[in-house]
Amino acid sequence: MPDQIPATDGSEPVPHMSTDEFRSAGRDTVDFLAGYLDGFRTDAPDSRPGPTVAPGEVYASLPSSPPAEGEPFEAILADVERLLVPGLTNWQHPGFYGFFPADSSPPSVLGELVSAGLGQQGMLWSTSPACTELEMLVLDWLAEAAGLPDRFRSGGPGGGVIQDSASSSSLCAILAARDRAGGAEALPTLRIYTSEQAHSSIEKDVLVAGFARHQLRSVPGDDAFAMDADALAAMVAADVADGHVPCLVAATVGTTSSGAVDPVSAICDVAGPVGAWVHVDSAWAGAATVCPEHRHLLDGLDRVDSYCFNPHKWLLTNFDCSAFYLADVQPLHDSLSIVPEYLRNTASDAGAVVDYRDWQVPLGRRFRALKLWFVMRSYGVEGLRAHIRAHVAAAADLAARVEANPRLELAAPLSLSLVCLRHVDGDDATEALMAAVNASGRAFCTHTKLADRYVMRVAVGGTWTTAAHVADLADLLDDLA
Ligand code: PLP
């Protein structure tokens with residue numbers, strides 16, 4: 001630790017932790033986190049995936065004002081355990097099946113720690129060459145591991161960048177498409193299309209990008225809840241006939257409610273002739289294409305403008321890490337690049353480097369590539385495949401158990417590791433079943449609606465979730481249905 005500068009004005013020096021205290025507190029922190037995970041792995045009696053506190057309980061348990069003097073680190077860490085852990089929703093618990101997984105893993109956490117400790121700002125190549133170049137490399141690695149088309153690799157017009165979330169990735173796609181189609185002047189004429197089943201982030205992004213709500217067209221789905229490409233074609237043709245300009249189609253590969261897969265090739269057939277940008281949101285399902293047997297999910301991807309999937313969902317890399325790939329980054333730069341004098345430097349001026357600040361809305365950026373690099377090196381591509389395959393197989397077993405139970409039925413076709421089910425007695429019975437599952441403390445699930453009917457979703461995919469945990473959930477459903 002650098003020497004502290006002694007105060008010359010009679011005030012006390014800033015009370016930093018010493019290097020030795022930092023080492024010791026760091027060990028204690030990792031010990032605490034390992035113990036937190038052990039609590040799930042040993043089936044401790046009070047270990048539950050879902051939240052148990054009432055609204056306001058955590059806030060009320062904490063001091064209402066900050067301490068005037070610094071406190072010992074042990075006291076802070078002890079309060080995390082005593083006051084905060086009981087108020088957690090335990091996303092890393094093997095019985096957590098809500099929403100989509102938010103996988104963390106030990107190598108990822110350690111990569112995050114190293115990122116924080118190195119304290120880099122990666123907005124420009126020159127503000128951290130290693131941060132920029134590792135991100136380029138690790139996204140090329142990820143593109144190779146996931147079988148993505150070469151056009152998304154660095155070195156040509158395209159490339160990848162880590163965004164904080166899929167919402168930010170699709171916002172960037174929408175901003176680039178908006179400006180490529182004429183920007184502010186053309187804005188009132190522009191139209192955007194997405195399916196009724198698209199994630200709500202698309203609608204939010206469209207509004208953030210300055211469009212009015214009516215400029216977003218909601219394309220109906222087919223029987224499997226995927227976008228109906230014929231309906232899209234009809235909507236686009238009607239809009240063109242009315243003098244509107246189709247600006248972007250946002251397709252989803254692996255929808256949030258049911259894991260449905262929009263027909264990307266057919267969508268490109270519609271979007272291509274009218275010059276609309278095609279963005280593919282594969283936030284959750286994209287992780288599965290590390291397995292060659294799931295690469296059909298990439299059909300048509302060699303024709304789209306941008307693609308995103310989240311290693312922070314199902315690929316062992318803790319939030320935030322959304323991989324956003326563009327076939328050509330120039331339109332995004334045209335939208336987002338503003339160069340004030342204080343950010344100018346020789347390398348950027350020479351056009352010799354990637355400056356990731358032009359690939360995102362904020363200026364500053366963290367060294368997120370580290371945790372993905374730690375994960376890819378620790379697990380290897382085969383380890384990542386094993387992770388996906390274990391969950392896909394466990395979900396298939398669960399779906400078979402649901403189909404074998406006369407009181408239950410699948411509410412949508414099984415998609416990868418997402419099982420959507422309902423009780424044959426109707427919405428109230430499905431809702432009651434899910435409440436009973438969650439109250440058991442053995443599993444935690446969340447719901448959606450499909451075709452206006454209440455559906456219980458089981459998103460298998462937690463880092464520590466094994467076939468045995470999923471079989472336990474199947475037993476629970478049999479008992480409670
Ligand atoms: N797109 C899809 C298909 C999703 O399922 C989700 C979240 O579950 C999102 C986008 C939003 O992801 P993020 O939280 O990374 O913005």
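The values are calculated or read from the model by the stated rules, or taken from the named source; none is laboratory data. This is a predicted model, so every value here is computed, not measured. Here the Cβ is made from the backbone with ideal geometry for all residues, glycine too, and neighbour counts use every protein chain on show. The accessibility values were calculated without ligands, DNA or RNA, using every heavy atom of the protein model including side chains. Shrake-Rupley method; radii C 1.70, N 1.55, O 1.52, S 1.80 Å.
Tell me which residues, restricted to segment 245-262, are surrounded by 18 or more Cβ atoms within 10 Å (Cβ to Cβ) and either away from the ligand (no atom under 16 Å from the Cβ) or not polar (S, T, N, Q) (or both).
Here is the first cut: in segment 245-262, the residues surrounded by 18 or more Cβ atoms within 10 Å (Cβ to Cβ) are 246-262.
Correct list: Pro246, Cys247, Leu248, Val249, Ala250, Ala251, Val253, Gly254, Gly259, Ala260, Val261, Asp262.
Taking segment 430-450 as the region of interest, how many residues are in contact (Cβ under 8 Å) with a residue 40 or more places away in the chain and either within 23 Å of Arg48 (Cα to Cα) or open to solvent by 10 Å² or more (accessible area, probe 1.4 Å) (or both)?
So the count comes out to 13.
Suppose we filter Leu137, Leu207 for residues that are open to solvent by 10 Å² or more (accessible area, probe 1.4 Å), closer than 26 Å to Asp358 by Cα, aliphatic (A, V, I, L, M) and within 16 Å of the ligand (Cβ to nearest atom); which single one remains?
Working: Leu137 fails: within 16 Å of the ligand (Cβ to nearest atom).
Residue meeting the stated conditions: Leu207.
Quickly run through segment 336-355 and pick out the residues that are under 30 Å from Asp302 (Cβ atoms), among the hydrophobic types (A, V, I, L, M, F, W, C) and either assigned to a loop (DSSP other than H, G, I, E, B) or without any contact (Cβ under 8 Å) to a residue 24 or more places away in the chain (or both). Show your work before the answer.
Residues of segment 336-355 that are under 30 Å from Asp302 (Cβ atoms), as a first pass: 336-337, 351-355.
This time we only want the ones that are among the hydrophobic types (A, V, I, L, M, F, W, C), so: 336, 352-354.
Within segment 336-355, Ala352, Val353, Val354 meet the criteria.
Out of the residues in segment 140-156 meeting the condition of being farther than 18 Å from Pro292 by Cβ and in a helix (DSSP H, G or I), tell me which one is most open to solvent (accessible area, probe 1.4 Å). Can you show your working first?
Start the filter on segment 140-156 by keeping residues that are farther than 18 Å from Pro292 by Cβ, which leaves 140, 151, 153-156.
Among the residues that remain, those that are also in a helix (DSSP H, G or I) are: 140, 151.
On the way: Asp140: 35, Arg151: 89 Å².
Across segment 140-156, the extreme among qualifying residues is Arg151.
Filter segment 140-164 down to residues that are small (Gly, Ala, Ser) and within 17 Å of Leu332 (Cα to Cα) and give me whichever is nearest to the ligand (Cβ to nearest atom).
The extreme case among them is Gly160.
With the requirement that a residue be open to solvent by less than 60 Å² (accessible area, probe 1.4 Å), touching a residue at least 40 places away in the same chain (Cβ under 8 Å) and not in a helix (DSSP H, G or I), what does segment 104-134 give you?
Matches in segment 104-134: Ser104, Ser105, Gly122, Met123, Leu124, Ser126, Ser128.
Could you tell me whether any residue of segment 229-243 is in contact (Cβ under 8 Å) with a residue 60 or more places away in the chain, open to solvent by 10 Å² or more (accessible area, probe 1.4 Å) and farther than 30 Å from Cys321 by Cα?
Checking segment 229-243: not a single residue is in contact (Cβ under 8 Å) with a residue 60 or more places away in the chain, open to solvent by 10 Å² or more (accessible area, probe 1.4 Å) and farther than 30 Å from Cys321 by Cα.
Mind checking which residues of segment 312-350 are within 16 Å of the ligand (Cβ to nearest atom) and either among the β-branched types (Val, Ile, Thr) or open to solvent by 30 Å² or more (accessible area, probe 1.4 Å) (or both)?
Those that are within 16 Å of the ligand (Cβ to nearest atom) and either among the β-branched types (Val, Ile, Thr) or open to solvent by 30 Å² or more (accessible area, probe 1.4 Å) (or both): Lys313, Thr317, Phe319.
Among the numbered criteria (1) more than 15 Å from the ligand (Cβ to nearest atom); (2) modelled with pLDDT of 95 or more; (3) of a type in the set (A, V, I, L, M, F, W, C); (4) surrounded by fewer than 20 Cβ atoms within 10 Å (Cβ to Cβ), which single criterion is violated by Val361?
(1)
Can you tell me which residue is farthest from Ala234 (Cα to Cα) among those in segment 210-219 that are away from the ligand (no atom under 16 Å from the Cβ) and surrounded by 14 or more Cβ atoms within 10 Å (Cβ to Cβ)?
Per the criteria, the residue is Gly210.
Considering each residue of segment 370-408, count those that are in contact (Cβ under 8 Å) with a residue 24 or more places away in the chain and either assigned to a helix (DSSP H, G or I) or under 17 Å from Lys313 (Cα atoms) (or both), and give that number.
Selection size over segment 370-408: 26.
Looking at segment 182-282, what helices (runs of 4 or more DSSP H) fall wholly within it and have at least 1 residues that are polar (S, T, N, Q)?
200-208, 264-271
Which of the residues belonging to segment 302-335 are among the hydrophobic types (A, V, I, L, M, F, W, C), in contact with a Lys or Arg (Cβ under 8 Å, 6 or more places away or on another chain) and either farther than 13 Å from Ser169 by Cβ or not in a loop (DSSP other than H, G, I, E, B) (or both)?
Within segment 302-335, just Ala327 meets the criteria.
Restricting to segment 175-203, give me the number of residues that are within 13 Å of the ligand (Cβ to nearest atom) and open to solvent by less than 30 Å² (accessible area, probe 1.4 Å).
5
Kindly indicate whether Leu190 is at negative phi and in contact with a His (Cβ under 8 Å, 6 or more places away or on another chain).
Yes: the conditions hold for Leu190.
Among the numbered criteria (1) crowded, with 19+ Cβ neighbours inside 10 Å; (2) away from the ligand (no atom under 16 Å from the Cβ), which single criterion is violated by Ser167?
Single failed check for Ser167: (2).
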